Amino acid sequence: MKKIILCLFLIGMLVGCSEKTETVKKEDWEVSPTFNIPVTFGDGTKGEYVLVGEEGRIGFLVGSGKEGEAEAQPIIAGKGNKYMWHFWGEKEEFEGNLKVVGINEKGEEYKVLIKDMGMSNNDKVWEYPNVGISPNNGADTHVPSGMEFPTEGLWKLNVYIGDKLFGEIIVNVEES
């Protein structure tokens with residue numbers, strides 16, 4: 001009888017621990033901060049781009065506006081959009097393809113990059129060809145892409161250049 005009670009107790013502890021681990025894991029998902037970078041628009045006016053990510057390391061454009069008035073725009077579920085990625089780092093870090101793995105709150109992985117944005121068949125892909133060096137807006141390199149998220153909620157984007165994790169960004173995707 002004691003063995004049965006001990007087994008039940010241990011099973012209860014394991015179940016409790018796994019539930020607690022799952023809860024802690026979800027609580028760790030905080031939306032990445034936004035930050036602004038200065039830009040001079042084509043007409044010569046001063047403005048700012050709003051990026052989400054980690055300032056000085058990685059971010060993608062989510063808004064723009066006049067200096068002091070720039071605002072982030074929402075990311076909408078099921079709606080493909082163009083985004084400009086900005087990366088800061090050492091030259092060697094930019095050798096390889098850009099790969100983005102989108103993970104929703106349920107832990108499901110999705111291809112979120114769009115091949116041939118704007119074309120009739122917006123196929124989702126895991127990666128874009130070679131990043132290379134292309135300075136832009138104060139970043140060491142940049143890459144344009146399309147992205148689409150199938151569902152609303154929190155999404156973690158694991159961003160790789162080559163086979164190395166360059167950074168992660170967590171975004172809140174709103175209902176369409």
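Observations, loosely collected:
- Three-way shape label, the range 34-174, alpha-carbon gyration tensor, a/c 1.5: oblate
- Placing pseudo-labels 7 Å out from each Cα toward the beta carbon at GLU55 and LEU165 gives an inter-label distance of 2.4 nm.
- Förster radius 30 Å - calculated FRET efficiency between ALA72 and LYS115, Cβ distance, rounded to 0.05: 0.70
- The spacing between the range 141-176 and the range 65-134, judged by their C-alpha centroids, is 6 Å.
- Shape call, the range 50-108: gyration tensor on alpha carbons, a/c limit 1.5: oblate
- Put a dot 7 Å past the Cα of ILE133, heading toward its Cβ, do the same for GLU95, and the two dots end up 1.2 nm apart.
- Over 26 Å between alpha carbons, listed pairs LYS111/LYS164; LYS79/LYS156; LYS79/LYS106; LYS46/LYS82; LYS66/LYS164; LYS66/LYS124: LYS66/LYS164; LYS66/LYS124
- Each label point was placed 7 Å from the Cα along the Cα-to-Cβ direction; for ASP140 and THR45 their separation is 3.4 nm.
Quick note: the coordinates plus some simple rules give every number you see, no bench work behind them. All values derive from a computational prediction rather than experimental measurement. A quick note on method: Cβ atoms are made from the backbone with ideal geometry, for glycine too, and the neighbour counts reach across all protein chains shown.
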